[in-house]
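No lab work stands behind these numbers, since they all come straight from the coordinates. As the structure is a prediction and not an experimental result, all values here were calculated from the model.
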Amino acid sequence: MHPIYLDVTKLSQKQAAQKLLASMEPLRQKLNAAEAVDYEGVLKAKWQIIKALFQLEKETVFKSSSYQAFFETNKDWLIPYGCFCVLRDKYGTCDFTTWSETRYEPQIATLLNTLDQEALLLHYYVQFHLDKQLKEAVSFAHQHHCIFKGDIAIGVFKNSVDVWQNQSLFHVDAQAGAPPDDFSVSGQNWGFRPTTGPG
């Protein structure tokens, strides 16, 4: 899940965390007062907070049984995702065709866990909290007789972790879109890569 959705106020109850959040309050108010969402500004501010709170909370979080259960249940996607994020940040692009590691291999995780463990764990930490917060939101919705309905994915972004990890499952030379219609006389190219078959 995208880090922009993380409620950073729920990451820590420590006094140092509350001081940090208080220091960021003028920026939060400024971002919330904008006429349109400043995605880059919000994400930059959230990452600043996340990185600081990660240092405060990482030892406690990674020792917790709830994190260990989350990791065990989700490691098949979480480890490649963490590696993708670390390499994306290292190379300054998500275009993995320009990286040395042009496809995911398990030894990449082993190497990064040795060379850049802190960066890898940061992404695990964020996904753990996003998962926890989404479950809380779903539980709240269910208590109020509302349901969540997911969308059906018709494709993926060509420079995504899904394609990097499973290149044989996607038509990387094709793109999805829509034919010309009243809304777009030339049609639409969404840039998504369709899967090679059902499922």
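The GNM of the chain, with springs linking C-alpha atoms under 10 angstrom apart, assigns the highest mean-square fluctuation among PHE84, PHE140, PHE70 to PHE140. List, in the order given, every pair from LYS10/LYS51; LYS10/LYS158; LYS14/LYS90 whose Cα-Cα distance in the structure shown is over 22 Å. The answer is LYS10/LYS158; LYS14/LYS90. Taking TYR91, TYR104, TYR67 in turn, the Gaussian network model of the chain (Cα-Cα springs below 10 Å) assigns the largest fluctuation to TYR91. Expressed as a whole percent, the proportion of Cα-Cα pairs in segment 106-199 lying more than 24 Å apart is 53%. Kirkwood-type hydrodynamic radius, segment 25-88: 14.3 Å, calculated from all non-identical alpha-carbon pairs. In angstrom, the C-alpha Rg and Dmax of segment 54-110 are 13.7, 38. An ellipsoid equivalent to the chain, defined through the eigenvalues of its Cα gyration tensor, has semi-axes of 31, 24, 19 Å when rounded to whole angstrom and sorted largest first.
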